[in-house]
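Everything below concerns the one structure shown next.
FYI, it's all coordinate maths here, none of it is from the lab. Remember, it's a predicted structure, so these values are computed and weren't measured experimentally. Cβ: placed from backbone, ideal geometry, glycine included. Neighbour counts: every protein chain shown.
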Amino acid sequence: MRLDRFICKHTAFSHKTSRTLVATGQVQVNSLCTTDPRQQINQFDQVLLNGQLLQGSTPLYWMLNKPPGYLSATEDPVHPTVLELMPAELRTQLHLAGRLDRATTGLMLLTNDGRWSRRVTAPETRIPKTYRVRTATPIATEAESRFKEGIWLQREGVYTSPASIERLSDTECRLTIYEGRHHQVKRMFAAVGNEVTALHRERIGRVTLDSALEPGDSRPLTQDEVQAFMP
């Protein structure tokens, strides 16, 4: 069935208005905006009109307070995974919108919306991520300037984007970065002669970890939190 006819059949809108809704970008098919009223739709396609589900699986968006010791993976033969912390009925539907090291704690986002998770994780979106960091020794005085200039990552052959530090004590700070490269925070502190002993993610973009969530607990995102990552 054509998309404009599908909209007309499943809503109170006329055929002409349905074509206009599609042409003006108000319809998503399988998480992608489409402006072609002639696009063919089958019973397996997810269709949303201005965020309202007309057909398909209900979009899911969750936050999790990750405890230490859990892998950011769907399954593992040795270690428990973060999906094992989620409600059993959701585990096969969700994927991770970003990862944390096994020892790292804090905010993780999970969804079944691939386009939304790409917005969260794609480097080009430059979404800030804020961590609370504890170090083995006092944080060097030049750390602010070094992190602002960017740290060279040999493996990838790139400099990190400018990052900012809020000092909390000699050995604690909040660090905001704009990528999520492998062990990035630990590698940045190693570059200024220090070792990270504890790492906790507090915030991604405008979404802050809910202080009411105990380690291992999760909850659905609010509509405002979901929209915080929409273009």
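Quick one: net charge of Leu60's neighbours, Cβ under 14 Å, K/R +1, D/E -1?
That works out to 0.
If you build the Cα gyration tensor of the chain and take the root of 5 times each eigenvalue, what three semi-axes come out, in whole angstrom, biggest first?
Three semi-axes, in Å: 40, 20, 14.
At Ser164 and Arg181, where each label point lies 7 Å from the Cα along Cα→Cβ, what is the point-to-point distance in nanometres?
In this crude spin-label approximation the distance works out to 2.2 nm.
Using 0.36 nm per residue, how much length does the chain from Trp152 to Ala122 gain when fully extended, once their Cα-Cα distance is taken away?
Full extension of this stretch gives 8.8 nm more.
At 0.36 nm per residue, and after removing the present C-alpha to C-alpha distance, how many nm does the segment from Lys16 to Ala88 gain when stretched out fully?
Computed gain between Lys16 and Ala88 is 21.6 nm.
Residue-wise, which Karplus ³J(HN,Hα) couplings in Hz belong to region 83-90, taking 6.51 cos²θ - 1.76 cosθ + 1.60, θ = phi - 60°, and x for glycine or proline?
5, 5, 8, 8, x, 4, 6, 9
Within region 64-103, whose backbone N sits under 13 Å from a point 7 Å along Cα→Cβ of Ser57?
89-96
Please report the relative contact order for region 3-55, taking Cα pairs under 8 Å with a sequence separation of at least 6, and give it as a percent rounded to a whole number.
31
Computed over the Cα atoms, what is the radius of gyration of region 8-103 divided by 2.2 N^0.38 Å, N being its residue count?
Its radius of gyration relative to the 2.2 N^0.38 Å reference: 1.49.
Which value at 222 nm does the chain reach when only helices count, each DSSP H run of 4 or more adding -39,500 (n - 2.57), with the total divided by all residues and rounded to the nearest 500 deg cm²/dmol?
-5000 deg cm²/dmol
As an exercise, identify the chymotrypsin sites (Phe, Trp or Tyr not before Pro) in region 24-74 lying in DSSP coil whose Cβ has no more than 13 other Cβ atoms within 10 Å.
Phe44
Let me know the charge dipole size of the chain about its Cα centre in debye, to the nearest 20, where only the beta-carbon of Lys, Arg (+1) and Asp, Glu (-1) is charged.
720
Across the chain, how many lysine pairs, 8 or more apart or on two chains, come within less than 28 Å at their alpha-carbon atoms?
5
Find out how many positive minus negative residues lie around Gly216, taking Lys and Arg as positive, Asp and Glu as negative, among other residues whose Cβ is under 10 Å from that of Gly216.
-2
If you average the sequence gap of Cα pairs under 8 Å that are 6 or more apart and divide by the length of the chain, what percent do you get for the contact order?
Relative contact order, the chain: 19 percent.
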